[in-house]
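J.: For reference, the structure I am asking about is given below.
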Amino acid sequence: MNLKTNPQNRTYKLLIIIFAVIILAFCILPVCNYFRGSTKDYGRLYRAGQSVLSGGDIYVKGGQTFQFLYPPTAAILYALMSMFGLLPMIIISVMTNVALWIASIFLSVYLTTGKVLRQHPLLYLVPTACCIPFVWDIFQLGQPNLLLLACMLGAFVCLQWKKEWHAGVFIAFAASLKAFPILSLVYLLYRRRWKAALSTVVFLVVFLVVVPVPFRGFQRNLQDIKTWTKGMILCYDTDSLSQRTGRGYSWKNQSLIAVANRLLRPVDAFHSKSNPVYVNIASLEFKHLNIIIIATAMGLCLFYISSMPRPAQRTLHTDSIEYAMLLILILIFTPLSFTYFYVWLLYPLMVAVNALLSMTYPSRLRNLAFIWFAICLLLLSFMLPIPGFRWLAAIGSTLGACVLLLGGLGWKLRQS
């Protein structure tokens, strides 16, 4: 018995040591950047927090570009974190992200298998390794996407445990920090998780309207929400996407909206004022382009819905695949979907790895599934900062990986 378990124990220990070294490096480098005078997005988030503490404006007015792109609730969170200075805020952020990364891995394993520990080593290793570049960006820039992922996974666990009100709290908190997780509300309504949907709406109001009041006052907070909504949610035209003029349509944004704009009308794919580069294969009018975007989105949603089992046939296993597909759809539909957003693929990739491990070996089906998974990873790799890769990213390689991953998981869901 010991002869069989000891090698696996050694594998777990080795993985833990490697993971600890990576975490240490990820924590040290943002602090080193601070002493070199480069704070990335930490500096911008710190200034937003300080503006809240001093009673200043969070968002600029008069048509200028926002310096802070998140809802007012996020500004309150950064105000609390910035009370002790920029360096303590960076340290708090990186330590929090360490806990969130570990929690996200374990929550993903639990949702996939029903257990947390003693699963196949590849289940921990492969998805985590694939998402390291995205996690790296989060640590270096100070983005909150690991927190959003942990909230969504926590909500899924609560749904499994039939604690729908708690699930709504998690989703509402995530949506109050960055808006795009609110897209999961459509899933809750479709699956008739009425308590979870109601909880999401109620607590979203609490987080957006009530929580900032002690810091901003009621009227001023409502004005902040109005300014943010007009500047971010309703900002979409031929030149600008959610306050990101030019950059919103650049190769780094892999959302359906951005990729469709790059491919179907002449948009500078590399956001270069001196030497614009175009990758479009058509030159459609903006209104016609948006019809195609809506039709494509509806097609993906119909595929998702058609893949779902009927309520009487649902199991924890089918739910785990549904949740993974939901995260992918949210990534596809959110207007801004930069590199660090794809840390959300940690869970869908884990579901895919678990499906591969559960297949009979050797078999033709397993070989085909392995090729499918390898192509997904190859397409994801084109987001890495390697010369030549950004041309493939410009035509939507990451979006293609998400669609391919969605299709494979949908097929698996139909077979379950």
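J.: So which helices (runs of 4 or more DSSP H) are wholly in the range 269-381 and hold at least 2 residues that are of a type in the set (Ser, Thr, Tyr), over 30 Å from residue 102 (Cβ atoms) and at pLDDT 95 or above?
T.: Ranges flagged: 286-307.
J.: Right, next: All but one of (1) part of a helix (DSSP H, G or I); (2) closer than 27 Å to residue 231 by Cα hold for residue 143; which doesn't?
T.: Condition (1) is where residue 143 drops out.
J.: Can you list residue pairs whose Cβ atoms sit under 9 Å apart, with the first residue in the range 394-405 being within 10 Å of residue 383 (Cβ to Cβ) and in a helix (DSSP H, G or I) and the second being among the β-branched types (Val, Ile, Thr) and modelled with pLDDT under 95? Count only pairs 6 or more apart in sequence or on different chains.
T.: 398/339
J.: Which pairs have Cβ atoms under 9 Å, sit 6 or more apart or on different chains, and link a residue in the range 271-284 that is more than 19 Å from residue 257 (Cβ to Cβ) to one that is outside any loop (DSSP other than H, G, I, E, B)?
T.: As it stands, the answer is 277/391; 277/394, since those pairs meet every condition given.
J.: Quick one: residue 21 ticks every box in (1) outside any loop (DSSP other than H, G, I, E, B); (2) out of contact with any Phe, Trp or Tyr (no Cβ under 6 Å at 6 or more places or on another chain); (3) modelled with pLDDT of 90 or more; (4) open to solvent by less than 40 Å² (accessible area, probe 1.4 Å) except a single one, so which number is it?
T.: Failing condition for residue 21: (4).
J.: Does residue 262 count as more than 25 Å from residue 208 (Cβ to Cβ) and modelled with pLDDT under 90?
T.: The answer is no for residue 262.
J.: Filter the range 27-43 down to the residues that are outside any helix (DSSP H, G or I) and polar (S, T, N, Q), then identify the one that is farthest from residue 87 (Cα to Cα).
T.: Filtering first and then ranking leaves 38.
J.: Counting only residues that are open to solvent by less than 40 Å² (accessible area, probe 1.4 Å) and touching an Asp or Glu at 6+ places or on another chain (Cβ under 6 Å), how many does the range 258-307 have?
T.: The qualifying residues number 0.
J.: Just to verify a result, which residue in the range 24-40, among those that are open to solvent by less than 50 Å² (accessible area, probe 1.4 Å) and at pLDDT below 90, is farthest from residue 135 (Cα to Cα)?
T.: Looking at residues that are open to solvent by less than 50 Å² (accessible area, probe 1.4 Å) and at pLDDT below 90, I get 38.
J.: Go through the range 44-76 and report how many residues are among the hydroxyl-bearing types (Ser, Thr, Tyr), open to solvent by less than 30 Å² (accessible area, probe 1.4 Å) and either part of a helix (DSSP H, G or I) or within 30 Å of residue 129 (Cα to Cα) (or both).
T.: 3
J.: Related question: List, please: which pairs have Cβ atoms under 8 Å, are six or more places apart or on different chains, and start with a residue in the range 231-243 that is without any contact (Cβ under 8 Å) to a residue 12 or more places away in the chain and end with one that is in a helix (DSSP H, G or I) and surrounded by 15 or more Cβ atoms within 10 Å (Cβ to Cβ)?
T.: 240/248
J.: If a residue must be open to solvent by 40 Å² or more (accessible area, probe 1.4 Å) and touching a Leu at 6+ places or on another chain (Cβ under 8 Å), how many such residues does the range 77-89 contain?
T.: Residues meeting the conditions: 2.
J.: Counting just the residues of the range 382-410 that are modelled with pLDDT of 95 or more and hydrophobic (A, V, I, L, M, F, W, C), which one comes out farthest from residue 261 (Cα to Cα)?
T.: So, considering only residues that are modelled with pLDDT of 95 or more and hydrophobic (A, V, I, L, M, F, W, C), the one farthest from residue 261 (Cα to Cα) is 409.
J.: Being among the hydrophobic types (A, V, I, L, M, F, W, C) and either touching a Pro at 6+ places or on another chain (Cβ under 7 Å) or not in a helix (DSSP H, G or I) (or both) is the filter here; which residues of the range 97-133 pass it?
T.: 116, 117, 131
J.: Inspect all residues belonging to the range 169-184 and state whether any of them is at pLDDT 95 or above, within 20 Å of residue 314 (Cβ to Cβ) and buried (at least 19 other Cβ atoms within 10 Å of the Cβ).
T.: Within the range 169-184, one or more residues are at pLDDT 95 or above, within 20 Å of residue 314 (Cβ to Cβ) and buried (at least 19 other Cβ atoms within 10 Å of the Cβ).
J.: Next question. Limited to the range 210-229, what total is found for residues that are free of Cβ contacts under 8 Å to residues at least 24 places away in the same chain and either buried (at least 19 other Cβ atoms within 10 Å of the Cβ) or over 24 Å from the mean Cα position of the chain (by Cα) (or both)?
T.: Number satisfying all stated conditions: 10.
The values are calculated or read from the model by the stated rules, or taken from the named source; none is laboratory data. Small disclaimer: the values here were computed from a predicted structure and weren't measured. FYI the Cβ positions are ideal-geometry reconstructions off the backbone, even for glycines, and counts take in every protein chain you see. Ligands, DNA and RNA are stripped out before the accessible areas are found, and what is left, the full protein with its side chains, is counted by its heavy atoms. Shrake-Rupley method; radii C 1.70, N 1.55, O 1.52, S 1.80 Å.
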